[in-house]
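Each remark here refers to the structure printed beneath this line.
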Amino acid sequence: MIEENFDIGGRGIMSGGSIQLGGGHSLQKKYGTVDSADMIFADWTRHDHPASRYSDRDIVRKFADENAATFEFLLAHGVQFTGREQAGGGASTNAGRTYQTVEWHIPSQVIAPNRGRNGAGLVRRLEESARKSGVEILLKHSMTSIIRENPKSGRVLGITVRSNGNTINVQARKGVYVGTGGNSGNVNFRRTFDPRLTEEYQQACAPYARQSGDAELMSMAIGASLWATAQQTSESGAAITKTVHIGCQWGYGSLVFETDSPIFHLARATGLTVANWQDVIMVNQVGKRFWSETDGSYKFIAAAMAYNGDPDKLNGGGPIWAIFDSDAVARERWNPKPPNVDPLYFASGATLKELAANINNPYQKRPMPGTVLQETVERYNSFVTSGTDTDFKKPKPMYKIEKPPFYAAWATPILHD
Ligand SMILES: Cc1cc2nc3c(=O)[nH]c(=O)nc-3n(C[C@H](O)[C@H](O)[C@H](O)COP(=O)(O)OP(=O)(O)OC[C@H]3O[C@@H](n4cnc5c(N)ncnc54)[C@H](O)[C@@H]3O)c2cc1C
């Protein structure tokens, strides 16, 4: 097994460890849950739901047929589950097929400990079992190409790998399985699907995994085709999400890097978790509000990614900043200092103009105009007085932004898939 990172797991180890597998496996039988491969196939090929409408039905058929066997494989290789399935399904299925793994017991080997990130309970168990079975795991080895008999035909023979400045060819005995975690970290590749996804949009699994798109690109280089990519644009899942932990570079909703994370030196800040979106307003890189802060739907995302008037940046919406005052800090019980915030993704100022001038972020290509930010806040404060947001219909705006110091925290949407 080849892994470019210093440790295994990729996105999987950062995940919630919620495993959606059914088809009539032993845990379902134990709890009397009725399920079958055909029921899974029916759920994931529904025409009346955007998450299933575009599915490749050949792949879904195979997936459905392998569900139960895959679950038994996980059990046989030591993965433990907390009990019966969770209620609700997600996406195009309402069937309860989601099982929660038991978290790995060694906190220092959990990349994002303490916050229900049970993906390590999946990955570490499989690692343990693989090593016992004699699987060799080569860390810090990066696949650079796939070798085929002829450039675009014949059997796949192996892969080329770079490690420590050396190039190695690894021969396959039976075949090669490539999985490099998707392509959301590859700006040019992801813009194939959605041209708005310029460089300011971070990914949920960073800074641990790259989502390089390498598997797709290297497979296409030897003649494979790529399809079934509607997830990128169907707005039916969590492809692009609202940031929940603000003031840090990676604030994906269910993922928090606390100081005991083995990669905290890379993540650099925990972020300030927003409990009530009434406590902030959101502005774009030119200091203007763009949508109701209490919304988190794809309408909010689309507005955040809309053209903001910068003639040098036609695609992508640029950085989004949550703006708030010291009263909001008190209400939310935040401590707006490192390691909770990252100075590159957070700013403060005694006045709103000073705040705008203090924003110093690699993705903020032009200074935020302080007068615009001040006008935005004054207008918002007038909505609090009147009780009506005539610009974006935020339900009954509650709190004025008026007590210094003022703060700006990175709140740009973040990519999940
Ligand atoms: C925060 C978060 C929560 C999630 N929660 C869930 C959940 O609860 N349930 C669920 O089903 N899914 C969840 N997911 C999605 C799930 O984690 C991914 O779909 C899954 O891990 C993808 O598996 P993969 O093997 O393709 O990629 P990964 O798990 O990312 O593994 C790919 C590996 O390839 C390595 N790699 C990349 N390029 C190269 C290269 N050129 N050479 C060598 N190695 C390379 C990477 O370093 C990585 O370790 C979540 C994802 C995130 C980010």
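The values are calculated or read from the model by the stated rules, or taken from the named source; none is laboratory data. Quick caveat, the model's predicted, so the values are computed rather than measured. Ideal geometry is used to build each Cβ from the backbone, glycine not excepted, and the neighbour counts take in all protein chains shown. When the accessible area is computed, the model is the full protein with side chains, heavy atoms only, and any ligands, DNA or RNA have been set aside. Shrake-Rupley method; radii C 1.70, N 1.55, O 1.52, S 1.80 Å.
In this structure, does Ala230 turn out to be small (Gly, Ala, Ser) and buried (at least 20 other Cβ atoms within 10 Å of the Cβ)? No; evaluated as a whole, the condition is false for this residue. Taking the conditions exactly as written (under 28 Å from Gly181 (Cβ atoms), surrounded by 16 or more Cβ atoms within 10 Å (Cβ to Cβ) and more than 16 Å from the ligand (Cβ to nearest atom)), does Ala37 satisfy them or not? Answer is yes for this residue. For Asn169, the criteria (1) without any contact (Cβ under 8 Å) to a residue 40 or more places away in the chain; (2) in contact with a Ser or Thr (Cβ under 7 Å, 6 or more places away or on another chain); (3) open to solvent by less than 70 Å² (accessible area, probe 1.4 Å) hold in every case but one, which is (3). Exactly one residue out of Thr243, Thr259 is open to solvent by 10 Å² or more (accessible area, probe 1.4 Å) and in contact (Cβ under 8 Å) with a residue 40 or more places away in the chain: that is Thr259.
Of the residues examined, Tyr399 is not one that is touching a residue at least 24 places away in the same chain (Cβ under 8 Å), under 30 Å from Thr192 (Cβ atoms) and surrounded by 16 or more Cβ atoms within 10 Å (Cβ to Cβ).
Of the residues making up segment 280-290, not a single one is away from the ligand (no atom under 15 Å from the Cβ), open to solvent by 40 Å² or more (accessible area, probe 1.4 Å), in a loop (DSSP other than H, G, I, E, B) and of a type in the set (Gly, Ala, Ser). Residues that are open to solvent by 20 Å² or more (accessible area, probe 1.4 Å) and of a type in the set (Phe, Trp, Tyr) within segment 296-315 comprise Tyr298, Tyr307, listed in sequence order.
Would it be correct to say that Leu255 is within 16 Å of the ligand (Cβ to nearest atom) and in a loop (DSSP other than H, G, I, E, B)? Against the criterion (within 16 Å of the ligand (Cβ to nearest atom) and in a loop (DSSP other than H, G, I, E, B)), Leu255 qualifies. Would you call Asp48 away from the ligand (no atom under 16 Å from the Cβ), farther than 28 Å from Ser133 by Cβ and not β-branched (Val, Ile, Thr)? When the stated conditions are applied, Asp48 passes them. In this entry, Gly83 is excluded by the filter for residues that are over 27 Å from Ala215 (Cβ atoms), of a type outside the set (S, T, N, Q), within 14 Å of the ligand (Cβ to nearest atom) and surrounded by fewer than 16 Cβ atoms within 10 Å (Cβ to Cβ).
Scanning segment 164-180 for residues that are over 30 Å from Glu199 (Cβ atoms) and within 13 Å of the ligand (Cβ to nearest atom) gives Ile168, Val170, Val176, Tyr177. Scoring Gly134 on the criteria (1) more than 14 Å from the ligand (Cβ to nearest atom); (2) touching a residue at least 24 places away in the same chain (Cβ under 8 Å); (3) exposed (fewer than 15 other Cβ atoms within 10 Å of the Cβ) leaves a single failure, condition (2). Look at Ala350 and say whether it is more than 26 Å from Gly296 (Cβ to Cβ) and hydrophobic (A, V, I, L, M, F, W, C). In short, yes. Out of all the residues in segment 84-92, is one or more of a type outside the set (Gly, Ala, Ser) and part of a loop (DSSP other than H, G, I, E, B)? So far as segment 84-92 goes, yes, one or more of its residues are of a type outside the set (Gly, Ala, Ser) and part of a loop (DSSP other than H, G, I, E, B). The residue pairs whose first member lies in segment 57-72 and is more than 17 Å from Ala228 (Cβ to Cβ) and open to solvent by 20 Å² or more (accessible area, probe 1.4 Å), whose second member is of a type in the set (Ser, Thr, Tyr) and in a helix (DSSP H, G or I), and whose beta carbons are closer than 9 Å, counting only pairs six or more residues apart or on different chains, are Ala68/Ser26; Glu72/Ser26. Look at Asn340 and say whether it is under 12 Å from Leu272 (Cα atoms) and either in the same structural domain as Cys248 (by TED's automatic domain parsing) or surrounded by fewer than 24 Cβ atoms within 10 Å (Cβ to Cβ) (or both). Considered against the rule, which asks whether it is under 12 Å from Leu272 (Cα atoms) and either in the same structural domain as Cys248 (by TED's automatic domain parsing) or surrounded by fewer than 24 Cβ atoms within 10 Å (Cβ to Cβ) (or both), Asn340 comes out as yes. Restricting segment 369-383 to residues that are among the hydroxyl-bearing types (Ser, Thr, Tyr) and surrounded by fewer than 15 Cβ atoms within 10 Å (Cβ to Cβ) leaves a set whose member that is farthest from Gln278 (Cα to Cα) is Thr371. Of all residues in segment 148-163, those satisfying the criterion of being within 14 Å of the ligand (Cβ to nearest atom) and in contact (Cβ under 8 Å) with a residue 60 or more places away in the chain are Ile159, Val161.
Looking across segment 181-211, the residues that are charged (D, E, K, R), over 19 Å from Asn361 (Cα atoms) and either near the ligand (Cβ under 9 Å from one of its atoms) or part of a loop (DSSP other than H, G, I, E, B) (or both) come down to Asp194, Arg196, Arg210.
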